[in-house]
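A short write-up of the structure that comes next.
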Amino acid sequence: MAEKVVRLNLEQGMPSVADALRVMENALSTHKKQGGKAVILIHGYGSSGSGGKIKTAVRARLGERSLSPIVKTYVGGEAFFSQKRELYALCGSLSRYESEVKDNEGVTVVILN
């Protein structure tokens, strides 16, 4: 059985937005098939601090209906603390990652169906 929570660094290798989205979709699908419960996407927050292109595209894509068979819900690190009870109810293993996720605008936590 797969690890319940995995980290995926979408910034590695400085990919284009399209490449980062492709990597994300493949990884989410694979992790779900392996029995995974959550994925922590590391996308950065943009060098200006106002939101990077990958972050913006990732969150927009996660909200699309076509990913609903894979994605149950998702939350940005900046909102993690306020939603942690709900997230822990869906995947208790996330509690081990709280310190690296909460208040971190450069990550998004995805709960898989």
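The values are calculated or read from the model by the stated rules, or taken from the named source; none is laboratory data. Small disclaimer: the values here were computed from a predicted structure and weren't measured. Here the Cβ positions follow ideal geometry from the backbone for every residue, glycine too, while neighbour counts run over all protein chains shown.
Listed here are the residues, each with its yes/no results for (1) within 18 Å of ASP103 (Cα to Cα); (2) modelled with pLDDT under 95; (3) not hydrophobic (A, V, I, L, M, F, W, C).
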{"site": "ARG7", "(1), (2), (3)": "yes, no, yes"}
{"site": "HIS31", "(1), (2), (3)": "no, no, yes"}
{"site": "TYR45", "(1), (2), (3)": "yes, yes, yes"}
{"site": "LYS55", "(1), (2), (3)": "yes, yes, yes"}
{"site": "LEU67", "(1), (2), (3)": "no, no, no"}
{"site": "ILE70", "(1), (2), (3)": "no, no, no"}
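Condition check ((1) hydrophobic (A, V, I, L, M, F, W, C); (2) touching a helix residue (DSSP H, G or I) at 6+ places or on another chain (Cβ under 6 Å); (3) on the phi > 0 side of the Ramachandran plot) across all residues:
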{"site": "ASN9", "(1), (2), (3)": "no, no, no"}
{"site": "GLN12", "(1), (2), (3)": "no, no, no"}
{"site": "SER16", "(1), (2), (3)": "no, no, no"}
{"site": "ASP19", "(1), (2), (3)": "no, no, no"}
{"site": "ARG22", "(1), (2), (3)": "no, no, no"}
{"site": "THR30", "(1), (2), (3)": "no, no, no"}
{"site": "ALA38", "(1), (2), (3)": "yes, yes, no"}
{"site": "GLY44", "(1), (2), (3)": "no, no, yes"}
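Mind listing just one residue for me: the one in region 95-113 that is closer than 15 Å to ILE42 by Cβ and β-branched (Val, Ile, Thr) and, of those, surrounded by the fewest Cβ atoms within 10 Å (Cβ to Cβ)? It would help to see each step written out before you state the result.
Initial filter on region 95-113 (closer than 15 Å to ILE42 by Cβ): 97, 99-110.
With the extra rule that they be β-branched (Val, Ile, Thr), the set shrinks to 101, 107-110.
On the way: VAL101: 23, VAL107: 27, THR108: 26, VAL109: 25, VAL110: 26.
It comes out as VAL101.
All but one of (1) closer than 19 Å to VAL6 by Cα; (2) surrounded by fewer than 19 Cβ atoms within 10 Å (Cβ to Cβ); (3) touching a residue at least 40 places away in the same chain (Cβ under 8 Å) hold for GLY35, so report the exception by its number.
So GLY35 meets the others, but not (3).
In the list ARG85, ARG96, which residue meets the criterion of being under 16 Å from VAL6 (Cα atoms) and of a type in the set (Lys, Arg)? Please lay out each step first, then the result.
Numbers: ARG85 fails: under 16 Å from VAL6 (Cα atoms).
Just a single option satisfies the conditions, and that option is ARG96.
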